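The values are calculated or read from the model by the stated rules, or taken from the named source; none is laboratory data. The model shown is predicted, which means the values in this text are computed figures rather than measured ones. Counting neighbours? That spans all protein chains shown, and the Cβs are built from the backbone with ideal geometry, glycine included.
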Amino acid sequence: MKPEEIMALDKQYVLQTYLRAPFVLERGEGVRLYDTEGRSYLDFVSGIAVNALGYGDPDVLQTINDQAARLMHVSNLYLTQPQAELAKMLVECSFADKVFFCNSGAEANEAAIKFARRWAQTHYGPDKNEFLGFSGAFHGRTMGSLALTPRPHYQDPFLPLMPGAKFATYNDLASAEQLLDDRTCAVFVEPLQGEGGVNPATPEFLQGLRRLCDERGCLLIFDEVQCGLGRTGTLWAHEPYGIAPDLMSLAKPLAGGLPMGATLVTQAVADCVQPGDHASTFAASPIIASVAKTVLNKISNPDFLAHVRWAGEYLGGALAELQHKYSRIVEVRGRGLIWGIETDFDVSPLIDAGYEHGLITCKAGPNIVRLVPPLIVQQADLDEAIVILDKAFGLA
């Protein structure tokens, strides 16, 4: 089919909740995507930080083929080996004692909301049920996670939302301290905000939240849906801060492009959750859990993470030079292979210019270009991306 025919089909039959790029993607290889016209694009979105291993990883493909031939789905009424083994792997490489599996980041955050309220109700009664979130946060589009995402253009069409959400200023510990009270059951925070503009938490802020939660009897929940699993150069984005949460949500890269989410919890939280409190039909099916084992094994390798750190430092240095060259770049920030280029203008034309020159990027707010390439990106790919960004900024 021609691109125009596919676009017409989409417009006629698919609910129009997305503003899509002006081409139709057909296949991927390594860090590149190809459209139906045969054009090649260097992919610095990677499915919104999902395709950490790029496209066509042979081990992922082999795992899919092998497991699909054996068993794809039975539901969570029955035990399967891949799910149990994946849970063990996640526990052994994190703070957690137990894992709940689901199908997306929003679902992982919904589970965290429920588990936090269950814990608070068990220990403090029904009145301790509120959450503290932060400016710039993004936790998902479902009704609970949306209530913790303080963006009027996302929230207003769907009011009323889940009650009990309060918001402090990100990286402002004093504002959080003022809002934490006896009704707060948990603090919800991203160690590095993705959708909110690629904003890393300061050590004082994240460590201070851990202290406040301990002092005031509430849980600390880290949303690492986008920043976790190697994206920042360590397996978990919170590792450099020297603290651990009580719960953590994961998703995007976990199953190599297949839909999977997970909520990791301490034993203290797990002890409050009973059979029937939460469930998912599709979560951690044998095929998805098997792929996630393969992905986690690769990403958690120290040499792999060292490469991400090297690539992140290289990219950060090149972006700093770009900032020095163009006065319309306000700030460059990030860690590992998640970077934001803040400008003083709407970056839509800049992203379109990237398409024209074979580079796919996306926004993190109207004036911020977000770069989240596959974690396997090499120096030549980074150099190519910088050349294209240089051209695009030269036209801005």
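A few comments on the model shown:
- One residue from Leu264, Leu235, Leu192, Leu206 being at pLDDT 95 or above and closer than 15 Å to Ser300 by Cα: Leu235
- Qualifying residues in the stretch 353-385 (those that are in a helix (DSSP H, G or I), in contact (Cβ under 8 Å) with a residue 12 or more places away in the chain and of a type outside the set (Gly, Ala, Ser)) - the one nearest to Trp310 (Cα to Cα): Gln379
- Where a residue in the stretch 16-44 is free of Cβ contacts under 8 Å to residues at least 12 places away in the same chain and surrounded by fewer than 17 Cβ atoms within 10 Å (Cβ to Cβ) and its partner, wherever it lies, is of a type outside the set (A, V, I, L, M, F, W, C) and not in a strand (DSSP E or B), with Cβ under 6 Å and at least six apart: Glu26/Thr36
- Number of the condition not met by Gly242 [criteria: (1) at positive phi; (2) surrounded by 19 or more Cβ atoms within 10 Å (Cβ to Cβ)]: (2)
- Single condition Leu229 does not satisfy, out of (1) in a loop (DSSP other than H, G, I, E, B); (2) surrounded by fewer than 17 Cβ atoms within 10 Å (Cβ to Cβ); (3) of a type in the set (A, V, I, L, M): (2)
- Odd one out for Ser327 among (1) of a type in the set (Gly, Ala, Ser); (2) more than 22 Å from the chain's Cα centre (by Cα); (3) crowded, with 19+ Cβ neighbours inside 10 Å; (4) not in a helix (DSSP H, G or I): (3)
- Residue count, the stretch 62-104 (criterion: exposed (fewer than 14 other Cβ atoms within 10 Å of the Cβ) and aliphatic (A, V, I, L, M)): 7
- Any hit, the stretch 188-211, residues being over 15 Å from Asp246 (Cα atoms), aromatic (Phe, Trp, Tyr), in contact with a Pro (Cβ under 6 Å, 6 or more places away or on another chain) and outside the structural domain of Ile338 (by TED's automatic domain parsing): no
- Filter result for Ser290 (out of contact with any helix residue (DSSP H, G or I) (no Cβ under 8 Å at 6 or more places or on another chain) and either outside any helix (DSSP H, G or I) or in the same structural domain as Leu235 (by TED's automatic domain parsing) (or both)): no
For (1) in contact with a strand residue (DSSP E or B) (Cβ under 8 Å, 6 or more places away or on another chain); (2) not assigned by TED's automatic domain parsing to the domain that holds Ser285, each residue gets a yes or a no:
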{"position": "Glu29", "(1), (2)": "yes, yes"}
{"position": "Arg32", "(1), (2)": "yes, yes"}
{"position": "Gly47", "(1), (2)": "no, yes"}
{"position": "Ala52", "(1), (2)": "yes, yes"}
{"position": "Leu79", "(1), (2)": "no, no"}
{"position": "Ala84", "(1), (2)": "no, no"}
{"position": "Ala87", "(1), (2)": "yes, no"}
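- Within the stretch 293-305, the set of residues being within 16 Å of Leu375 (Cα to Cα), in contact (Cβ under 8 Å) with a residue 24 or more places away in the chain, of a type outside the set (Phe, Trp, Tyr) and assigned to a helix (DSSP H, G or I) comprises Thr294, Val295, Leu296, Asn297, Lys298, Ile299, Leu305.
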